[in-house]
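Student: Below is the structure I would like to discuss, written out as structure tokens.
The values are calculated or read from the model by the stated rules, or taken from the named source; none is laboratory data. Bear in mind that the values here come from a model prediction, so they are computed numbers and not experimental data. Backbone-built Cβ (ideal geometry, glycine too); neighbour counts: all protein chains shown. Only protein heavy atoms, including side chains, enter the accessible area calculation; ligands, DNA and RNA are left aside. Shrake-Rupley method; radii C 1.70, N 1.55, O 1.52, S 1.80 Å.
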Amino acid sequence: MVEDIHDYYEERLDKIFGRGSTWPHRTFRTVLDPYSNEWEGTSMGRKIEILEKAVEAGESLEMLIFNYKCRYIEKNRKDIAGCVDTALARILEYQLRKSL
């Protein structure tokens, strides 16, 4: 079980963003689930800011994404875990188009 190996990613993100309390994007669906309300309610620019702040705090995006997927697979929500590639492709395309 991932919890035995690592703290859940939500707890690590809370330390970065929550300042002692939970924050609205703690599930990370804002960044990794393009079919969620959280995604729809957050601009691409804000998604990039969230990712940048996590990296600046020393988090590995690879591990955050792995933990995110494990969390939703454990919750029997493979549909949520399975759309991460789409989210990342959309974010990358946004960034690349922005720099053209």
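Student: Taking θ = phi - 60°, what integer Hz values does the Karplus form 6.51 cos²θ - 1.76 cosθ + 1.60 yield along region 76-93, in sequence order, with x for Gly and Pro?
Tutor: 6, 10, 4, 4, 6, 5, x, 9, 4, 4, 4, 4, 5, 5, 5, 5, 4, 4
Student: Give me the percent of the accessible area of the chain that comes from carbon and sulfur atoms, probe 1.4 Å, all protein chains in place.
Tutor: 51 percent
Student: May I pose another question? For the chain, just the Cα set please: Rg and Dmax, both in angstrom.
Tutor: Radius of gyration, then largest Cα-Cα span, for the chain: 13.2, 44 Å.
Student: Multiplying the sequence separation of residue 88 and residue 37 by 0.36 nm and subtracting their Cα-Cα distance, what value in nm do you get? Mind dumping the intermediate values first?
Tutor: Working: separation 51, 0.36 × 51 = 18.36 nm, distance 1.67 nm.
Roughly 16.7 nm would be gained on extension.
Student: For the peptides 32-41, 56-65, what is the packing order when you average, over each peptide's residues, the other Cβ atoms within 10 Å and list the highest mean first? Don't skip to the answer; put the middle values down first.
Tutor: Working: 32-41: 16.0, 56-65: 12.8.
Final packing ranking: 32-41, 56-65.
Student: Over 25 Å between C-alpha atoms is what I'm after, so list which of 47/69; 15/47; 53/78; 78/98; 15/78; 15/69 land there. All intermediate terms of the calculation are to be shown ahead of the outcome.
Tutor: On the way: 47/69 18 Å; 15/47 18 Å; 53/78 27 Å; 78/98 31 Å; 15/78 27 Å; 15/69 20 Å.
With Cα atoms farther than 25 Å apart: 53/78; 78/98; 15/78.
Student: A further question on this structure: As a check on your grasp of the helix formula, calculate [θ] at 222 nm for the chain: sum -39500 (n - 2.57) over DSSP H runs of n ≥ 4, divide by the residue count, round to the nearest 500.
Tutor: That comes out to -17000 deg cm²/dmol.
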